[in-house]
1. Considering the stretch 1-18 alone, what residues qualify as being buried (at least 16 other Cβ atoms within 10 Å of the Cβ) and not acidic (Asp, Glu)?
2. Would you mind finding the one in 100, 42 that is aromatic (Phe, Trp, Tyr), assigned to a helix (DSSP H, G or I), in contact (Cβ under 8 Å) with a residue 12 or more places away in the chain and surrounded by 16 or more Cβ atoms within 10 Å (Cβ to Cβ)?
3. Out of the residues in the stretch 19-32 meeting the condition of being modelled with pLDDT under 95 and not aliphatic (A, V, I, L, M), tell me which one is surrounded by the most Cβ atoms within 10 Å (Cβ to Cβ).
4. Just for the stretch 54-78: of the residues that are of a type in the set (Val, Ile, Thr) and touching a Gly at 6+ places or on another chain (Cβ under 8 Å), which one is surrounded by the fewest Cβ atoms within 10 Å (Cβ to Cβ)?
5. Can you find a residue in the stretch 11-26 that is part of a loop (DSSP other than H, G, I, E, B) and in contact with a Ser or Thr (Cβ under 8 Å, 6 or more places away or on another chain)?
6. If you check residue 70 against the conditions, is it assigned to a strand (DSSP E or B) and either within 16 Å of residue 94 (Cβ to Cβ) or touching a Phe, Trp or Tyr at 6+ places or on another chain (Cβ under 9 Å) (or both)?
Amino acid sequence: MNVLIADSSAQITERLKHIIATENKTAIIYTATSFETALPIFKENKPAVVLLGMNLSGNDSMELLQAIKVTEHPTSIIILSIHISNTIMEQCKLLGATVFLDKFLEFEKIPGHIKAIAANKNE
């Protein structure tokens, strides 16, 4: 399963990469710290899962989410944030995000969500 982690913090992307790789030895994990690097990775590799931090510079997180939605590739999107308003959450849901996690307090839940997504795709 291909996974793209897009977050402005290289420390967070590397930590998430390690957590996912430990739990899922067959996962191919890509990381990006900006919209400019994330979008080409997404288009080239069509990951099954995108972990998207809501802190990409400017409004780039929403722009990336919109770009993913336009491709119509069946990608599961997990939003990672410290705090997210109801308005932003609703916009993310409309653009295809299905899971919302606190990027600092709910790290341990990420591998389980990825396993569930993989199981659903294999059915």
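The values are calculated or read from the model by the stated rules, or taken from the named source; none is laboratory data. The model shown is predicted, which means the values in this text are computed figures rather than measured ones. With ideal geometry, Cβ positions are generated from the backbone for all residues, glycine too; neighbour counts draw on all protein chains shown.
1. Once the filter is applied, which keeps residues that are buried (at least 16 other Cβ atoms within 10 Å of the Cβ) and not acidic (Asp, Glu), the stretch 1-18 yields 1, 2, 3, 4, 5, 6, 8, 12, 13, 16, 17.
2. Going through 100, 42 in turn, just one is aromatic (Phe, Trp, Tyr), assigned to a helix (DSSP H, G or I), in contact (Cβ under 8 Å) with a residue 12 or more places away in the chain and surrounded by 16 or more Cβ atoms within 10 Å (Cβ to Cβ): 42.
3. 24
4. Restricting to residues being of a type in the set (Val, Ile, Thr) and touching a Gly at 6+ places or on another chain (Cβ under 8 Å), the top hit is 75.
5. Checked the stretch 11-26: no residue is part of a loop (DSSP other than H, G, I, E, B) and in contact with a Ser or Thr (Cβ under 8 Å, 6 or more places away or on another chain).
6. no
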